[in-house]
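**Student:** Submitted below is the structure of interest, expressed as structure tokens.
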Amino acid sequence: MVYLTIIILTFNLICINKLQGSSMQLTTLRQSSSTTVKLASACALALLLPLQAYAETKSNADLALIEQCSSHYQAADSHSLKLVSDKLLFLEGPTWSVADQAFYFSEMNFSGSQLNGPDANIYQYKLNHKPTLWLSHSGSNGLLADGNDLYVLKHSDRSVNKINLSTQKQTVVVNQFDGKPFNSPNDISQHSNGGIYFSDPDWQLSERKNELNSTSVFWLSASGELVELDQLNKPNGVVLSPDEHWLYVGDYSNHIYRYPVNNDGSVGERQPFIDVDGPDGITIDCAGNLYVASHSQGKLQIYSPEGKLHQSIAVAPQITNMDFGGKDMKTLLITTGNGLFTLQTQMAGIARK
């Protein structure tokens, strides 16, 4: 915006000089009036066009973010925590679909065969209704709604897939790095340019071999380039800041790191950010406050963009993940190993397409 202002002011001075010069010359020719008016109109139009172009580049999401978001953290009411269901098994990977106005989440069964990781299902949950089975034997963990598609991180075949929400047709997005299969893709976040970040620990690898000899976080660009960003100790939660300046990643060593993000989605060097006891899933609100599932403590920990602890809310043992949803993006769906919960927040999440 600063550069735009400088350009407009410079252009304004040029126009004024042109107008003054033209008036002097045109007075001699006795044609000053009409020509000067035309030139002034042209300058005015030229000055308005950059402003119009700038305004048109502001997306609805940007405007919504400005309107609804406060830089001052407003505490969530812990008394609004509500149990939706305790009839399901181990839950993970919640995501809000704007297209369906519904949440999706994974359910994993650790009591059966673990040959290809736990059997899993995907459920759909519409607010004020009961969760319903949407896809059985999905082999899934983390999910991310993207328009009419659902990114599915699958431990069953060690891949990142896309499922069409209308037809349930599945497409493999990526399933290997350097010719070797992933371990068990876990959590995911998406850049506005279409690329995705995802973690690949080995939690659901079971008896299968870790052929990469590492557990890492990856970047898959919109053009299909796959990059290993970093090797961490069982990386888990992954989330991008609202301004896309930072990528946050948690790992089994009780650390959450952050990485500076470049305009093309690539990242810089890892930086220590905060320590959390057993960090699992991570999400973020429109002001950049981090919501971290402390799996070990059964708590939702909420931190400022500077790493200050805002709030700690006891939820349930083995809390795993959470995501914002609802029409105002102020309903947090929380998954645990012991139930599905909602929490009403004062801060709004980030609406995706």
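**Student:** Which one of these does residue 95 not meet: (1) within 22 Å of residue 224 (Cα to Cα); (2) surrounded by 15 or more Cβ atoms within 10 Å (Cβ to Cβ)?
**Tutor:** (1)
**Student:** Applying the selection to the range 249-296, what residues are among the aromatic types (Phe, Trp, Tyr) and either in contact with a Ser or Thr (Cβ under 8 Å, 6 or more places away or on another chain) or not in a strand (DSSP E or B) (or both)?
**Tutor:** Keep residues of the range 249-296 that are among the aromatic types (Phe, Trp, Tyr), which gives 252, 257, 259, 273, 291.
Passing the criteria: 252, 291.
**Student:** Would you say residue 328 is crowded, with 18+ Cβ neighbours inside 10 Å and either in a loop (DSSP other than H, G, I, E, B) or in the same structural domain as residue 283 (by TED's automatic domain parsing) (or both)? Reasoning before the result, please.
**Tutor:** On the way: crowded, with 18+ Cβ neighbours inside 10 Å: no; either in a loop (DSSP other than H, G, I, E, B) or in the same structural domain as residue 283 (by TED's automatic domain parsing) (or both): yes.
For residue 328, the condition - crowded, with 18+ Cβ neighbours inside 10 Å and either in a loop (DSSP other than H, G, I, E, B) or in the same structural domain as residue 283 (by TED's automatic domain parsing) (or both) - is not met.
**Student:** Could you list, in sequence order, the residues of the range 108-125 that are touching a strand residue (DSSP E or B) at 6+ places or on another chain (Cβ under 6 Å), closer than 24 Å to residue 209 by Cα and buried (at least 22 other Cβ atoms within 10 Å of the Cβ)?
**Tutor:** 108, 118, 120
**Student:** With the requirement that a residue be part of a strand (DSSP E or B) and under 14 Å from residue 260 (Cα atoms), what does the range 213-241 give you? Working first, answer last.
**Tutor:** In the first step, residues of the range 213-241 are kept if they are part of a strand (DSSP E or B); the result is 216-220, 226-231, 238-240.
Scanning the range 213-241 gives 219, 229, 230, 238, 239, 240.
**Student:** Right, here's the next one. Need a quick list: strands (runs of 3 or more DSSP E) entirely within the range 92-165 having at least 1 residues that are within 21 Å of residue 341 (Cα to Cα).
**Tutor:** Working: elements: 102-109, 119-125, 132-135, 140-146, 149-154, 159-164.
Those strands (runs of 3 or more DSSP E) span 102-109, 119-125, 132-135, 140-146.
**Student:** From the list 302, 319, 334, 313, which residue is within 22 Å of residue 259 (Cα to Cα) and of a type in the set (Val, Ile, Thr)? Spell out the reasoning first.
**Tutor:** Details: 319 fails: within 22 Å of residue 259 (Cα to Cα); 334 fails: within 22 Å of residue 259 (Cα to Cα); 313 fails: within 22 Å of residue 259 (Cα to Cα).
Answer to the selection: 302.
**Student:** Return the only residue of 162, 169, 154, 180 being basic (Lys, Arg), exposed (fewer than 13 other Cβ atoms within 10 Å of the Cβ) and assigned by TED's automatic domain parsing to the domain that holds residue 210.
**Tutor:** Details: 162 fails: exposed (fewer than 13 other Cβ atoms within 10 Å of the Cβ); 154 fails: exposed (fewer than 13 other Cβ atoms within 10 Å of the Cβ); 180 fails: exposed (fewer than 13 other Cβ atoms within 10 Å of the Cβ).
Being basic (Lys, Arg), exposed (fewer than 13 other Cβ atoms within 10 Å of the Cβ) and assigned by TED's automatic domain parsing to the domain that holds residue 210 holds for just one of 162, 169, 154, 180, which is 169.
**Student:** Of (1) within 29 Å of residue 128 (Cα to Cα); (2) out of contact with any helix residue (DSSP H, G or I) (no Cβ under 7 Å at 6 or more places or on another chain); (3) surrounded by 20 or more Cβ atoms within 10 Å (Cβ to Cβ), residue 273 satisfies all except one. Which?
**Tutor:** Exception for residue 273: condition (1).
The values are calculated or read from the model by the stated rules, or taken from the named source; none is laboratory data. Quick caveat: nothing in here was measured; it's all calculated off a predicted structure. Here Cβ is always computed from backbone atoms with ideal geometry, including for glycine, and neighbour counts include all displayed protein chains.
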